[in-house]
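See structure below.
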Amino acid sequence: MNPKLYHVLGAKQFSRSELDELFAAAKGMEEVVRTGGNRSHQGAIMTTLFFEASTRTRLSFESAMSRLGGSVIGTENAAQFSSAIKGETLEDTIRIISGYSDVIVMRHTEIGAAKRAAAVADVPVINAGDGAGEHPTQALLDAYTIQKEIGQLDGVRIAMVGDLAYGRTVHSLSYILANYKDVQVFYISPENVRIPSYVKRYMDEKGIRYSESGDLNSVAGDIDVLYQTRIQKERFPSLEEYEKASGHFIVDAELMSLMPNKSIVLHPLPRAGEIADSVDNDPRAAYFRQARNGLYVRMALVDKALRGINR
Ligand code: NCD
């Protein structure tokens, strides 16, 4: 792996000072967008290589690149439309794309795929989701949103709810939050999709307080953030297992009535029934604002990668 390149592969790579810097840069990007974007990366090319479905992640990266004056090439259905279908290895695909562009944003079905890509790439690789592994840029925008909405990340009390086994965003968000003081995490899930032990081990090493349960109502009154997630249907070994996990925790008006006034509901989206539409008008429903923040955070990341700043 070329150590001079600024790859974004997993959330553990971020230190607190880097996060402070990144969030300050993202705030600056809000102003850049308000004033019509800039040309700071004119001539630069981003490749988006997506082997899995995406709306927000791909389009916000593409929008980020356009707002910075660069352009985008890519394939949104790489499993079928790239040479992967002809049997080309991921490594070869990445070597080729490295010659066509200045940064690669990739989503893949396999855990560790982004690391494999970075090992052979001549340009920065940004992990936009690797199977049930990680989704670091989502976690960065989640943390940015918490800071913006709640005021700070230190002391935050957060319930992560739903599919904690296959949901890669909760893995990455746990790692990001482990940089902050007095954080408390309530992992709330069905029995068969509990938070993986390797995530818990990391939280233990970092001294982060957490608990695990299947009872959302009893913690709802004590949290600043409810981080709801979709049950990842496509990742279950069988439909039966999926059905065991689905339909347990629905955020609706009743649940909202238990939550503090100064709290927020986040969701990486897409939702598939786990937040009732009627919650959208509640000022604490922050998930659409959260999605918007993805643009600013990704602009900051792309800017850093293209400047070749590796720290
Ligand atoms: C998430 C993902 O792809 O992991 N979506 C996203 O990027 N916002 C969550 C999901 O698919 O449920």
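Taken together, the values in this text are just the output of simple stated rules run on the coordinates, not laboratory data. For clarity, every value in this text was computed on a predicted model and none was experimentally measured. Positions of Cβ are backbone-derived with ideal geometry, glycine not excepted, and every protein chain shown enters the neighbour counts.
Worth pointing out:
- Distances between placed amide hydrogens fall under 5 Å for A285 paired with V265, all partners being 5 or more residues away or on another chain.
- In the chain, helices alone account for a calculated mean residue ellipticity at 222 nm of -11500 deg cm²/dmol, with every DSSP H run of four or more residues adding -39,500 (n - 2.57).
- Under the convention that each Lys and Arg Cβ holds +1 and each Asp and Glu Cβ holds -1, the size of the dipole of the chain around its Cα centre is about 940 debye.
- Among A276, A291, A121, residue whose mean-square fluctuation peaks in a GNM of the chain (springs only between Cα atoms under 10 Å): A276
- Among P136, P283, P237: highest mean-square fluctuation, GNM of the chain, C-alpha pairs under 10 Å: P237
- 3J(HN,Hα) along the range 113-128: 4, 5, 5, 4, 5, 5, 5, 10, 7, 9, 10, x, 10, 10, 6, 9 Hz, from the Karplus curve 6.51 cos²θ - 1.76 cosθ + 1.60 with θ = phi - 60°, whole Hz, x for Gly and Pro.
- Inter-label distance, N261 to R201: 4.5 nm, where each label sits 7 Å from its Cα along the C-beta direction.
- Overall form of the chain per C-alpha gyration tensor (a/c, 1.5; a/b vs b/c): prolate
- Near Y210, the amide H atoms lying under 5 Å from its own belong to V185; only residues 5 or more places off or on other chains count, and H is placed 1.01 Å from N.
- Put simply, the amide H of I126, placed in the peptide plane, has neighbours under 5 Å in V8, I104, V105, M106, leaving out anything fewer than 5 places away on its chain.
- Cα→Cβ-extended label distance, 7 Å offset, between R95 and R209, nm: 5.3
- Among I45, A272, F61 the positive-end extreme of the charge dipole of the chain (Cβ point charges): I45
- Taking every lysine pair in the range 144-274 that is 8 or more places apart or spans two chains, those with Cα atoms closer than 18 Å amount to 5.
- Taken one residue at a time, the phi angles of the range 134-142 give Karplus couplings (6.51, -1.76, 1.60, θ = phi - 60°) of 9, 8, x, 6, 5, 5, 5, 6, 5 Hz. Gly and Pro are set to x.
- Whether the range 109-239 is rounded, prolate or oblate, judged on the alpha carbon gyration tensor where a/c under 1.5 counts as rounded: oblate
- Three-way shape label, the range 17-102, alpha-carbon gyration tensor, a/c 1.5: prolate
- Phi angles across the range 206-213 convert, under the Karplus curve 6.51 cos²θ - 1.76 cosθ + 1.60 with θ = phi - 60°, into 3J(HN,Hα) values of 8, x, 8, 6, 8, 9, 10, 7 Hz, Gly and Pro given as x.
- Highest mean first, the peptides 195-208, 153-166, 260-273 sorted by other C-beta atoms within 10 Å per residue fall in the order 153-166, 260-273, 195-208.
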